[in-house]
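The values are calculated or read from the model by the stated rules, or taken from the named source; none is laboratory data. Predicted model, so just to flag it, every value in this text is computed and none were measured. For neighbour counting, all protein chains shown are included, and Cβ atoms are generated from backbone atoms with ideal geometry for every residue, glycine included.
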Amino acid sequence: MHKYFLAILPPEKIATEIVAFQKEIEDEFGAIHAQKTPPHITIIPPFECAPEKLSELTSMLALFLKGKATDDMIIELNNFQRFESRTLFVDVAKNDEFEMLCKELKILFNQQKIIKQRVEKHYFVPHITIANKDIKKRDFKVAWENFKEREYRREFSLKSLVVLKLIEKQWTVMNEIQF
């Protein structure tokens, strides 16, 4: 079994800006864990799946997404936020249509027995991580002070979802599924 997860990647220009934030954290505090994945918004957290089932999973997602109208679904990035003293991230503005799409995907993954997470119990906070896990608590406080007043606003149209696979401790894009 291999580990995968489902995510949205921002356009390359925005991803480059977010990597610059991650590099800033690395240069100042030595924290690199957030760089083990491309900048992304997690939709379905890591799950295990046999490699031979990946094409079936991709087909299921493509069929599901085929009927979704997302031409006007805009993802807005809105400054920085944190989870307690462990994760610093670029915040995603509230978007009911996007949250409904994510909930529908979780239901689909539950129905297909890909994940076992109870959808109604899962609190969804879309975000793009810039520091987590390996940043020390004292450093986190300094990092948060550096980022909490910064303004960072970007937006992009939702065009696709990606399936990422864990390969040698790095998450790699395996498939991109267009809407």
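Values as computed for the structure displayed
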| quantity | calculated |
| --- | --- |
| Hits in the range 22-54 - residues which are closer than 29 Å to GLU145 by Cβ and among the hydrophobic types (A, V, I, L, M, F, W, C) | ILE25, PHE29, ALA31, ILE32, ALA34, ILE41 |
| From LYS53, LYS23, residue being farther than 22 Å from LEU101 by Cα and in contact with a helix residue (DSSP H, G or I) (Cβ under 9 Å, 6 or more places away or on another chain) | LYS23 |
| From ALA31, ALA20, ALA50, residue being farther than 20 Å from LYS133 by Cα, over 15 Å from the mean Cα position of the chain (by Cα) and not basic (Lys, Arg) | ALA50 |
| Residue that is surrounded by the most Cβ atoms within 10 Å (Cβ to Cβ) [pool: residues in the range 1-30 that are within 25 Å of PHE124 (Cβ to Cβ) and small (Gly, Ala, Ser)] | ALA7 |
| Residue tally, condition in contact with a strand residue (DSSP E or B) (Cβ under 9 Å, 6 or more places away or on another chain) and either farther than 22 Å from LEU158 by Cα or not aliphatic (A, V, I, L, M) (or both), over the range 6-25 | 8 |
| Residues of the range 3-32 classified as within 22 Å of LEU164 (Cα to Cα) and free of Cβ contacts under 8 Å to residues at least 24 places away in the same chain, total | 6 |
| Residue that is surrounded by the fewest Cβ atoms within 10 Å (Cβ to Cβ) [pool: residues in the range 31-68 that are touching a His at 6+ places or on another chain (Cβ under 9 Å), of a type in the set (A, V, I, L, M) and modelled with pLDDT under 90] | ALA50 |
| Lone unmet requirement of (1) part of a strand (DSSP E or B); (2) more than 30 Å from ASN146 (Cα to Cα) for LEU61 | (1) |
